[in-house]
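Enquirer: Before I ask anything, here is the structure I am working with.
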Amino acid sequence: MDKLNGQSFHNIQNNIEKMKELFPEICIENKINFTKLQLLLGEQIEIEKECYDFTWKGKAAAIQLAEQQTTATLRPNIESSLDWEKTKNLYIEGDNLEVLRILQNSYRNQVKMIYIDPPYNTGNDFVYKDNFRNNIKNYKEKMNESLKSNVSTSARYHTEWLNMMYPRLKIARNLLSEDGIIFISIDDNEIDNLKRICNEIFGEENFVTTIVVKMSEPTGVKMTHVKKNIPKLKEYVLCYKKRNITFEKICIPKHTWDNEYKTIITNVSKEEIEELKSIRDNEERTEEDIKRSDAILANLQMVSVSEYAHKKNVNKTEFESFLFTNAWRIIRTVSMTGNGKNIADEKKRANKNRAFVITTPNKKLYFINNHYNSEVDYPRIKILFADDYLTVHPCDLWTDIKTTGLDNEGFVDYRNGKKPLKLINRLLSMVALNDNDIVMDFFSGSGTFGEAVVRYNLENNQSIRYILVQIDEDLIQSHEKFMGVAKKDAENLISYLKSVGRKPLLSELGKERMTRVNKELKNNTNDDLGFKSFKLDTTNLVLWDEVASNMEKPPLDKIGPVKKGRSEEDAVYEILIKYGMDLSLPVERLLLADRIVYSVDGGSLFICLEKELTLEQIDILSNEKPRCIIFYENCFTNDTVRSNAQQLLKHSGVEDIRVI
């Protein structure tokens, strides 16, 4: 029986294993022989002291922080959850670095998309101060002391921010799936440094783009100093992929009409036009479909839009609305060269109708305007319908997202950098998401990302799962450090949380928002609107307690496996995540052979923390055919029972037997 390790994922050992696969000769007793590695890499080694590098004070420690293991855990908070039994969404309170470490066991290479909106380092932001020796102890005992305002006059202004971001992004990459992508909102203060560390962590070759987003209007206070400064209206969304990524095409409405579309079709109905387009878009079309298309086009007549509007008494104020309303039958013609023109020329000789269709060898179908001169090299013969081109891809410049009036978006009055739902929805829409894909935000703030995912699912009939992580910052203590407008905003937020019966913690704001979204939508959908709530804490198990490990402890057979003040359910979820299972899986408490057993994922995993198990009781458990079963190490009455139990379980088909 193997022991279950109480530590989070061991990145260093994983890296060694990868090195072994690539260069087995460099590994000696689980250590790397760098001399041999240098020989194998030949001249591809940088040995010059003067070389391109990006460094800062504390970078080495930041790299080590990303690799550090932890025995910390996530404790379930059922009372604070919504629809605990059914939901697959997670809302986690705690320092995101420690939470990211913990999540690696279960979610490494599993997250399809990450979006974060970290502190911008504007001089007033709180920057996380990580403790290399004991981050969970630092979090629990000095959380609010460790959230220090990183003023721009500090000598370590950029350094502190980089030391915060580097390990979090490093672990974030570990969580991304091979086709995963990360989006990071940022402004001018740290865009350069962020891009440098992302190039290092994700690889320059995996940089996708920097999206420029218009985030404010040229009004207000910012316009009072235009003689000295150029007002800032934009922010950025930095985009990196893990390996390979497929994007969905996104489109936004055009603001103005394209005046090239100036001919209107008459004598053909909207239903017939839709039929034509349906045949055009179906590459499995038949000869009968081609004949039907030509029959429809045989009746077609064309007239200029201006002439038609004049006949219909459309005035100037109504004209643009008229254009968009009739876009389904307003057209333009464009030139067609090469084989397409040759096919059209041949059909034109036998066809005297106003328009007809042609098909090419690659199964494309085109509508052709028959009134053209075959002798011209580049005649405008291909018909394009305006309603096929009423939208445009926004590319990497997004100026259409409304950023005013966001204070109360999502039901909560929160102004501190809240992002528009439309921005998150567009990012979600860009990624080729499938049902049960996991998306994540580990600086979740007011919960915009969570609400955006819920509404995205509703609009697209999908089942995307989210993980939100937010430190449970004490707003009262933070309020004391704020000044001016920020202080007033904090006062309003504290008052709001109090009015809805919640503690003055920033993490409570996101939970309140998701609760209100649930209330708004639950009567109109069966979608997953809930979340399982977890809170970062020290381990629940005596054996894995780092603090107690250096103290004299009573023999394990004299004490229970679970620490005082913790529940068996706490321990069960810790075992789940340290075994590497999804925290959203259903857990059922059973009574088998007069013993309490926790059945996970419909009996795939059994967890039994009882003492003095007999062989007969183990036989009853084995008859349930779990894939894996985990016991308390001192649960067996004696060594003989332990040995026989292992044989019995293996004979019954239990693949994995662990003890803690």
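The values are calculated or read from the model by the stated rules, or taken from the named source; none is laboratory data. Note that the coordinates shown come from a computational prediction; the quantities given were computed from them, not determined experimentally. Note: ideal-geometry Cβ built from the backbone for every residue, glycine included; neighbour counts use all protein chains shown. Areas reflect the complete protein model, heavy atoms only, side chains present, ligands, DNA and RNA absent. Shrake-Rupley method; radii C 1.70, N 1.55, O 1.52, S 1.80 Å.
Enquirer: What accessible area, in Å² to the nearest ten, does a 1.4 Å probe give for residue 166?
Expert: 10
Enquirer: Sticking with this structure for a sec: Bin width 5 Å, origin at 0, all Cα-Cα pairs of segment 409-510: what percent of pairs per bin?
Expert: Taking every Cα pair in segment 409-510, the percentages come to 2, 12, 21, 22, 16, 11, 8, 6, 2, 0.
Enquirer: On average over all directions, what projected area in square nanometres does segment 328-406 have, based on the convex hull of its Cα atoms?
Expert: That works out to 8.3 nm².
Enquirer: Moving to a separate point now. For 392, 572, write out the residues from largest to smallest accessible area, computed with a 1.4 angstrom probe and no ligands counted.
Expert: 392, 572
Enquirer: Separate question: Run a plain Debye calculation on segment 365-466 (Cα atoms as equal point scatterers, no solvent) and give log10 I(q)/I(0) at q = 0.17 Å⁻¹, rounded to two decimals, same order as the q list.
Expert: For the requested q values the scattering log ratios are -0.88.
Enquirer: What FRET efficiency comes out for residue 591 versus residue 233 if R0 is 56 angstrom and r is the Cβ-Cβ distance? Round to the nearest 0.05.
Expert: The pair residue 591/residue 233 has a calculated efficiency of 0.30.
Enquirer: Could I ask something else about it? Rounded to the nearest Å, what's the spacing between the alpha carbon centres of segment 607-660 and segment 271-329? Just the number, please.
Expert: 73
Enquirer: Under 1.5 on a/c is rounded, so check that first for segment 235-284, then, if it is not, pick prolate when a/b is larger than b/c and oblate when it is not; a ≥ b ≥ c are the square roots of the alpha carbon gyration tensor eigenvalues.
Expert: oblate
Enquirer: Largest first, what is the accessible-area ranking of 636, 183 with a 1.4 Å probe?
Expert: 636, 183
Enquirer: Please give the per residue accessible area of the chain, computed with a probe of 1.4 Å over protein heavy atoms only, in Å².
Expert: Per residue, the chain has an accessible area of 50 Å².
Enquirer: Mark the label point 7 Å from the Cα of residue 85 along Cα→Cβ and return the residues of segment 568-600 whose backbone N is within less than 15 Å of it.
Expert: Within reach of a label on residue 85: 586-590.
Enquirer: Then there is this: Among 195/249; 88/418; 311/402; 519/564; 242/563, which pairs are too far apart, with a Cα-Cα distance over 29 Å?
Expert: Distance filter (> 29 Å) returns 311/402; 519/564; 242/563.
Enquirer: Let me ask something else. Quick check on segment 593-660: what are the equivalent-ellipsoid semi-axes from the Cα gyration tensor, as sqrt(5λ), descending, whole Å?
Expert: Semi-axes from the Cα gyration tensor: 16, 13, 11 Å.
Enquirer: Okay, moving on. Could you estimate the translational diffusion coefficient of segment 556-625 from the Stokes-Einstein equation, with Rh from the Kirkwood formula over C-alpha pairs, at 25 °C and 0.890 mPa s, in whole µm²/s?
Expert: Answer, rounded: 188 µm²/s.
Enquirer: Antiparallel versus total DSSP beta bridges in segment 484-631: what percent is that, nearest 5?
Expert: DSSP beta bridges in segment 484-631 are roughly 70 percent antiparallel.
Enquirer: Where both residues lie in the chain, what percent of DSSP beta bridges are antiparallel, nearest 5?
Expert: For the chain, the DSSP antiparallel bridge percentage is about 60.
Enquirer: Just the Cα atoms of the chain, one point each, no solvent: what log10 I(q)/I(0) does Debye give at q = 0.08 Å⁻¹?
Expert: Ignoring solvent entirely, the Cα scatterers give -0.79.
Enquirer: Now a separate question. What is the distance in Å between the Cα centres of segment 487-523 and segment 1-21?
Expert: 41
Enquirer: Rounded to the nearest 0.05, what FRET efficiency is calculated for residue 34 and residue 275 with R0 set to 60 Å and r the Cβ-Cβ distance?
Expert: The value I calculate is 0.30.
Enquirer: By how many nm would the segment from residue 652 to residue 614 grow when fully extended, if each residue of separation counts as 0.36 nm and the alpha-carbon distance is taken off?
Expert: That pair, residue 652 and residue 614, stretches by 12.0 nm at full extension.
Enquirer: Could you check the spin-label model distance between residue 481 and residue 283? Points 7 Å from the Cα along Cα→Cβ, value in nm.
Expert: Label-label distance for residue 481 and residue 283, simple model: 5.8 nm.
Enquirer: Quick one: if the Förster radius is 60 Å, what FRET efficiency do residue 353 and residue 246 give, using the C-beta to C-beta distance and rounding to 0.05?
Expert: Calculated value: 0.90.
Enquirer: Between segment 369-393 and segment 199-257, what is the C-alpha centre distance in whole Å?
Expert: When both Cα centres are located, 34 Å separates them.
Enquirer: Based on Cα positions only, what radius of gyration and what Dmax would you give for segment 303-442, in angstroms?
Expert: When restricted to the Cα atoms of segment 303-442, Rg and Dmax are 23.4, 69 Å.
Enquirer: What share of Cα pairs, in percent, lie more than 14 angstrom apart in segment 250-325?
Expert: Here the tail beyond 14 Å accounts for 70 percent of pairs.
Enquirer: Ok, one more. Once a ≥ b ≥ c are taken as the square roots of the eigenvalues of the Cα gyration tensor of segment 214-342, is the result rounded (a/c under 1.5), prolate (a/b larger than b/c) or oblate (a/b not larger than b/c)?
Expert: Here segment 214-342 falls in the oblate category.
Enquirer: I've got another one for you. With axes computed from alpha carbons, what is the tilt in degrees of helix 191-202 against the longest principal axis of the chain, rounded to the nearest 10 within 0 to 90?
Expert: That works out to roughly 70 degrees.
Enquirer: Within the accessible area of the chain, what % is carbon and sulfur when the probe is 1.4 Å and the other protein chains stay in place?
Expert: Ligands and nucleic acids excluded, carbon and sulfur reach 48 percent.
Enquirer: Run the simple label-point estimate for residue 527 and residue 461 please: 7 Å along Cα→C-beta, distance reported in nm.
Expert: It works out to 1.3 nm between the two label points.
Enquirer: Summing Lys, Arg as +1 and Asp, Glu as -1, what charge do residues with Cβ under 13 Å from the Cβ of residue 191 carry, residue 191 excluded?
Expert: With Lys, Arg at +1 and Asp, Glu at -1, the net is -1.
Enquirer: Something else: According to a simple spin-label model (label point 7 Å from Cα along Cα-to-Cβ), what is the distance in nm between residue 317 and residue 569?
Expert: 6.4
Enquirer: Next question. Consider a paramagnetic label point 7 Å from the Cα of residue 373 along Cα→Cβ; state which residues of segment 322-353 have an amide N under 19 Å from it.
Expert: It comes to 333-338, 341-342, 344-346, 348-349, nothing else.
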